[in-house]
1. Of these, B:Leu220, B:Leu260, which one is surrounded by fewer than 18 Cβ atoms within 10 Å (Cβ to Cβ) and of a type in the set (A, V, I, L, M, F, W, C)?
2. Quick one: B:Ser242 ticks every box in (1) within 20 Å of B:Gly112 (Cα to Cα); (2) in contact with a strand residue (DSSP E or B) (Cβ under 6 Å, 6 or more places away or on another chain) bar one, so which box is it?
3. Residues in segment B:88-97: is at least one more than 11 Å from every other protein chain (Cβ to nearest Cβ) and in contact with a strand residue (DSSP E or B) (Cβ under 8 Å, 6 or more places away or on another chain)?
4. All but one of (1) surrounded by 16 or more Cβ atoms within 10 Å (Cβ to Cβ); (2) in a helix (DSSP H, G or I) hold for B:Glu171; which doesn't?
5. Six or more apart or on different chains, Cβ atoms under 6 Å: show the pairs whose first residue is in segment A:228-239 and more than 13 Å from A:Pro109 (Cα to Cα) and whose second is of a type in the set (Val, Ile, Thr).
6. Search segment A:110-120 for residues being buried (at least 18 other Cβ atoms within 10 Å of the Cβ) and over 11 Å from A:Gly219 (Cβ atoms), and hand back the single one that is modelled with the lowest pLDDT.
7. Name every residue in segment A:201-228 that is touching a Phe, Trp or Tyr at 6+ places or on another chain (Cβ under 7 Å) and closer than 23 Å to B:Ser192 by Cβ, in order of residue number.
8. Which one of these does B:Lys251 not meet: (1) within 14 Å of chain A (Cβ to nearest Cβ); (2) without any contact (Cβ under 8 Å) to a residue 12 or more places away in the chain; (3) charged (D, E, K, R)?
2 protein chains.
Amino acid sequence: MTKELKFAIGLAKKSGKLILAALNEEQSASAKTVKRDICTSADLAAEKLIVEEIKSKFPTHNIIREEGKNIQNGSDYTWLIDALDGTKYFISGIKFFTTSIALWHKNKPIMGVIYQPGTDECWFAEKGKGVFLNDRKLKVAQEIQLKNSIISLDINHLSLLTKNEQKILFERLKKIASNFYRFRVIGSGSLSLCYLAMGHFDAYFDLSGRQEMWDLGAGLIIAQEAGAKITDLNGSWPGIDSEHLVVTNGKIHDKVLKLLQ
Amino acid sequence: MTKELKFAIGLAKKSGKLILAALNEEQSASAKTVKRDICTSADLAAEKLIVEEIKSKFPTHNIIREEGKNIQNGSDYTWLIDALDGTKYFISGIKFFTTSIALWHKNKPIMGVIYQPGTDECWFAEKGKGVFLNDRKLKVAQEIQLKNSIISLDINHLSLLTKNEQKILFERLKKIASNFYRFRVIGSGSLSLCYLAMGHFDAYFDLSGRQEMWDLGAGLIIAQEAGAKITDLNGSWPGIDSEHLVVTNGKIHDKVLKLLQ
């Protein structure tokens, strides 16, 4: 384990635990606005903690984050941070949220950590070194048929899409529902990719094509190191700003790309 | 707390812990068939434990269960049991599964317990006495607009539907996606209703209309005691064998029924 990974794991756990502690405070509040405020302030505090530690340890690196301003130092190394992925769950007191920290080199992820404080589960991966959930090595499923496969979808920002984009979205959704064994929409990109690495999901796709890379920066290398294939709709490696990411167990990748054309 | 509820909570926790213990054994197996066998045998063992204890304590009651044969004694009291809701999650080592135990009187639930051993969360409710998650009282959300609401959907058995039923399903799905803020498909009917009781979801609907009542027997009273409204598509109280259940926070119920016509 490199010192970067050790550092990122420690940081993700610190952030996650800070947010989990805020959950208890939040649950004793009755007004939804107060709950939102506590959520926002926990999110910002955790992000600040992560950013400060990265800045102090790797002052030349770039940082892309959900809440605050990005830091662009012109480095080949970029950290992608989501201190709290799953704010809506947090606000309801459901422990289905994570901290996600990734390190990318140029256009590719080289390290990723996702920590779910509510279950004390930590997924982590480094390029070429496999992926682990706590101490267990993970591997994608070996399913080769769509009709036996489960796909996890993200569908956000529907109202931001044009009429034509919406039409394409619904055509794809119908094809997915008719051809896969099941589709899921769990409301967490980071956990979708962790569960794909665990062999539960055979594929992941963002139907609206507006995925946010700070959510997925760590999940992509976690899936990849478990054997997942990742491309855009054309079958190329997607960059950090790519749309319409397709992630699969590898075995069904071509069938999924064909279905989504 | 009545002695029936105390008994059911104890039983759900015993069952859940038995299944959680099997998860560790299961995770050390590498072959999927072995994993499935361990899952099935844990499911059956937990169900047997629950049924034996109910039979010994309430020998005249009926029992409806997922795996084994139902017990029909002609009683007004019926227990609905799902020892392991979430087998697919279990097989992948994801702790997103529950034990669900309900007691119905004639056509209505009077008591329900859902226990998630992976997070040690226990939801329980009795008719007229409110609903609790561990020691916290729950209440549905107060949202009145669909465009701010989140709906949880179940979509199973698609291949069992006729062409016309499939057509209606996709039309409804499109209307839901276009009118709600978000829709989710989390793959657990029991947790969908718990999360509705917690105010996270504003509505729940089984799009395929083939929901299994042993999954939902406990969830329905848990949602109801948090303030949820439950009807079928016509706005009537659904019986134990009803199809197309509509559960909402109450405030958006009429709008949801209208949307789904």
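The values are calculated or read from the model by the stated rules, or taken from the named source; none is laboratory data. Note that this is a predicted model, so its numbers are computed, not measured. Don't worry about glycine lacking a Cβ; one is built from the backbone with ideal geometry, like all the others, and counts go over all protein chains shown.
1. Details: B:Leu220 fails: surrounded by fewer than 18 Cβ atoms within 10 Å (Cβ to Cβ).
When all the criteria are applied, what remains is B:Leu260.
2. Status for B:Ser242: all satisfied but (2).
3. In the first step, residues of segment B:88-97 are kept if they are more than 11 Å from every other protein chain (Cβ to nearest Cβ); the result is B:97.
Next cut, in contact with a strand residue (DSSP E or B) (Cβ under 8 Å, 6 or more places away or on another chain) only: B:97.
Checked against the condition, which is being more than 11 Å from every other protein chain (Cβ to nearest Cβ) and in contact with a strand residue (DSSP E or B) (Cβ under 8 Å, 6 or more places away or on another chain), segment B:88-97 yields at least one hit.
4. Failing condition for B:Glu171: (1).
5. Qualifying pairs under 6 Å: A:Ala228/A:Val140; A:Ala228/A:Val247; A:Lys229/A:Thr248; A:Thr231/A:Val246.
6. Step one: list which residues in segment A:110-120 are buried (at least 18 other Cβ atoms within 10 Å of the Cβ), which gives A:110-118.
Right, trim to over 11 Å from A:Gly219 (Cβ atoms) and you get A:110-111, A:115-118.
Numbers: A:Ile110: 96, A:Met111: 97, A:Tyr115: 98, A:Gln116: 97, A:Pro117: 95, A:Gly118: 92.
Looking at residues that are buried (at least 18 other Cβ atoms within 10 Å of the Cβ) and over 11 Å from A:Gly219 (Cβ atoms), I get A:Gly118.
7. Taking segment A:201-228 first, the residues touching a Phe, Trp or Tyr at 6+ places or on another chain (Cβ under 7 Å) are A:201, A:217, A:222.
Matches in segment A:201-228: A:Phe201 only.
8. The failed condition is (2).
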